[in-house]
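Okay, so here's the structure we're looking at.
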Amino acid sequence: MNKTRCRAGRRARKKRRKKHEDFSIVTLSHEAQFVLLRRWLNERGFTSQSLIPVNFHDTGRGLMATQTIKAKNSVISLPEECLLTTSTVLKSYMADYIKRWHPPISPLLALCCFLISERHHGEASEWNPYIDILPKTYTCPLYFPDNVIELLPRSLQKKATQQKEQFQELFSSSQTFFHSLQPLFNQPTEELFSQDALRWAWCSVNTRTVYMEHDQSKYLSREKDVYALAPYLDLLNHCPNVQVEAGFNKETRCYEIRSVNGCKKFQQAFINYGPHDNHRLLLEYGFVAPCNPHSVVYVDLETLKVGLDEKDKQLKEKLLYLKDNDFLRNLTFGMDGPSWRLMTALRLLSLKPQQYTRWKSVLLGAAVSQDREDWCIESALKLCNNLTEDNVKALERLAQLKEGANQSGLEQLCVVESLRREEQNILGHTRGLLQNLLRQ
């Protein structure tokens, strides 16, 4: 009798879980914009019904498998006619303007200009069914105001600032080309090709293109042309633990993605953008992957210096030696503790004057002495604690800013908060490991 109750209890819990899971996703197939997109794709040869668009509670929009996808089988195969590439642009109404422009514009700028123009044309655009489902804004640092940039980890702040500067340079240097397109539009190009418009197009290309090598066009700059916007396929979300094989099949003339592990029916189908840590995912794609096995916490030079003895007369020389040997970058903490590079840098910084002859052997991985090894562990723990404190302050500030933020601002703050919480988790593991080492 008790066993019967237990079985009934398990069945009831399973039912409740299934009911909860059913409400955690919302199918989007019936929405007008997706109906139009599927019709548009069907006209270009894409007829597969094995994936449908769904709004998942944890990842947002994605694609769900309507049937089991076995290992090594195709996840999606998108015909070449559906892909938006520089070849598309160079066959369009923009072709003559691009071909006669010198010096040639980059493949990236060509795609950006085409996207801006097609969005402007609205329903008259051939690509409108695709343009219409693209995000209206992004959570990439390029969209972040300065007060949000300041809440990123210091090493990512620098990269985000550099990215903003590079974008600003692209916008400034493209003004004369934008103006040359004026005969194509009734609206002034200054309004049409605004900084906001270029930012939207730049993020659309950088976050949503698949890698596809193209023959170098004599009408474009020598920058590598590896972009292909892939409607519908780009709804697939990234998962760092999924393995896929992706590329353009020259025989079938389709961009194909095959699953290495397979995917169960009614589960979200994922792809893998590569072994990227969360800094790179946020910088390039505008999101953070929870429990990302590739994620680390970076120790920048300023953070490193805080934990060092300023009375060390050879400190500047040691830091210069580390810099000359490329040991002041990619110093990290991971789920398995401080990286080899970080511990090697600390070992060299720990050397006493009578141990300086061992500098080269230390960079090759040699330990020095037990007291110096203890110093390194204590220094690593101090660094860990400093980074943890920085995280706590950032999370407190994020909580304050979220209270009065609009929807766009809230999305930006939430992705930064996710990054900080992931890093806090890594630092917590590291702190435990280092404390155990000290006890031993």
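The values are calculated or read from the model by the stated rules, or taken from the named source; none is laboratory data. These numbers come from a predicted model, not from an experiment. Virtual Cβ from ideal backbone geometry, glycine too; neighbours counted across all protein chains shown.
Per this entry, GLU251 is not counted among residues that are out of contact with any Pro (no Cβ under 6 Å at 6 or more places or on another chain), closer than 29 Å to ALA110 by Cβ, among the acidic types (Asp, Glu) and surrounded by 14 or more Cβ atoms within 10 Å (Cβ to Cβ). The residues of the stretch 86-127 that are assigned to a helix (DSSP H, G or I), under 13 Å from PHE178 (Cβ atoms) and either hydroxyl-bearing (Ser, Thr, Tyr) or in contact (Cβ under 8 Å) with a residue 60 or more places away in the chain (or both), listed by number, are TYR97, ILE98, LEU109, ALA110, CYS112, CYS113, ILE116, SER117, HIS120.
The rows are residues; the columns are (1) within 25 Å of VAL26 (Cα to Cα); (2) touching an Asp or Glu at 6+ places or on another chain (Cβ under 6 Å); (3) free of Cβ contacts under 8 Å to residues at least 60 places away in the same chain; (4) in the same structural domain as SER173 (by TED's automatic domain parsing).
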position	(1), (2), (3), (4)
GLN195	no, no, yes, yes
ALA201	no, no, no, yes
TYR211	no, no, yes, yes
CYS263	yes, no, no, no
LEU282	no, no, no, no
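Taken together, the residues in the stretch 294-311 that are touching a Gly at 6+ places or on another chain (Cβ under 8 Å) and surrounded by fewer than 19 Cβ atoms within 10 Å (Cβ to Cβ) amount to 0. Of everything in the stretch 162-206 that is crowded, with 16+ Cβ neighbours inside 10 Å and hydroxyl-bearing (Ser, Thr, Tyr), the residue that is farthest from LEU281 (Cα to Cα) is THR189.
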